[in-house]
Structures are given as C-alpha cells and as structure tokens.
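Report on the following structure.
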Amino acid sequence: MYKIVLLDIPGFLGHLHPLVVHLPIGFLLLAMMFDLLSYFSKYAYLKEAVSFTLFASFIAAVTSCIFGYLLSLSGDYNDVVLGNHKFAGIILTIITSLLFIATTKKAQSFFTIPAGLFSSLFAGVIVLMAYTGHQGGTLTHGSTYLSMETLTQEHRKKPANVEDALIFEDVVH
C-alpha cells in the first residue's frame, strides 16, 4: 500500500522569508555604499554598479514579499504589526524599482535626477528599510525586543510557570 504525501510548498517557501529578506537589505546597503563612494573621483566608476545592485535588490525584494505573504498566511502574527510590515515592505520594493528605473540609460534619456537628490532619496529608502525591518523584528521577537526597556533592563527574571515563558529568551537562549 502506498502512502500519499501532500507537500505544503507555500508553507515551506513562507518559512524561507527570514532567510531571503536579508538579500535585499544587503544589496540596498551595498548600492548605497557604491553611490556614496562614487562621489570621490577615485571611486567614480562605482556609480555604474549602483544600477545593477538596485536591480538585484528589487528582484530579491519581490521574492521576499512573495515569501513573506506566504508566511503571513499561517495567521500566527499580530494583524496590525503584520499590516505595517507588509505595507512598508511593498512600498520599499516599489521605491527600489523606481530608483533602479531612474538609473537606466533609457530613463535617463527622458529625465535625470541630480546626484544629490538621488542620494537623498536613497537615504530615505534606507530609513524605510530600517522601519520595515523593525516591524519584522517586532513580529518575530515581540515589541520590546529592540526598545529602551531592553536597553535599560538589567536581567529578566525566570518565569514561575510555563505559560509565562518566552520561547527564545527562556528556552532557546
């Protein structure tokens, strides 16, 4: 007798979101570094790499959004924080695509964004990326994970019973 095995491919891909989400972050930071270094004549050649790195970030961000959506279907997350994270991630992906398009030769034949304005927009993307990441961290680690409370707290008391235990802090860590 044969056993039928149903694979949960969407659930599996959703669980890859925490891994995949770091790719667009790295690419965006690399593109920002290339952009900033290109202001120095010694590194002006790096300006050409900004477009490709933004494209790689956009592809990785789209993949991350898809995997994140699949992960959100599990229903294990706070709806408000999840909504903020999801919205910010989608906006970040759209803005990344627009920045990429602005760096292409075809787009530059129609309009040119001054270098200072482009870098300022890029800085805004980095701020949005930090907010998006913070919302994702709040989803996985709780609202006090990266807060003044965590910074000023000396030691967390061990829970008196299992219901009060935090999985990461009390069991894993």
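Each value in this text was obtained by applying a stated rule to the coordinates, not by laboratory testing. Worth saying up front: this structure is predicted, and the values here are computed from it rather than measured. Ideal geometry is used to build each Cβ from the backbone, glycine not excepted, and the neighbour counts take in all protein chains shown.
Summary table below
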{"read-out": "On Cα atoms only, tilt of 115-141 relative to the major axis of the chain in degrees", "value": "10 degrees"}
{"read-out": "Karplus-derived 3J(HN,Hα), 6.51/-1.76/1.60, for each residue of the stretch 13-29, Hz, glycine and proline x", "value": "5, x, 5, 7, 3, x, 6, 5, 4, 6, 5, x, 4, x, 5, 5, 5"}
{"read-out": "HN-Hα J in Hz across the stretch 62-75 - Karplus 6.51, -1.76, 1.60, θ = phi - 60°, x for Gly and Pro", "value": "4, 4, 4, 4, 5, 5, x, 4, 4, 5, 5, 5, 5, x"}
{"read-out": "Among Thr93, Leu128, Gly75 - extreme Cα towards positive end, dipole of the chain, charges at beta-carbon", "value": "Thr93"}
{"read-out": "Descending semi-axes in whole angstrom, ellipsoid equivalent of the chain, from the Cα gyration tensor", "value": "37, 23, 13"}
{"read-out": "Theoretical ellipticity at 222 nm over the chain - DSSP helices of four or more residues, -39500 (n - 2.57) apiece, nearest 500", "value": "-21000 deg cm²/dmol"}
{"read-out": "Cα long-axis angle, helix 79-103 against the chain (0 to 90 degrees, to the nearest 10)", "value": "20 degrees"}
{"read-out": "Relative contact order %, the chain, counting alpha carbon pairs below 8 Å whose residues are six or more apart", "value": "22 percent"}
{"read-out": "Under 22 Å from Lys47, Cα to Cα: lysines that are on another chain or at least 8 residues apart", "value": "Lys105, Lys106"}
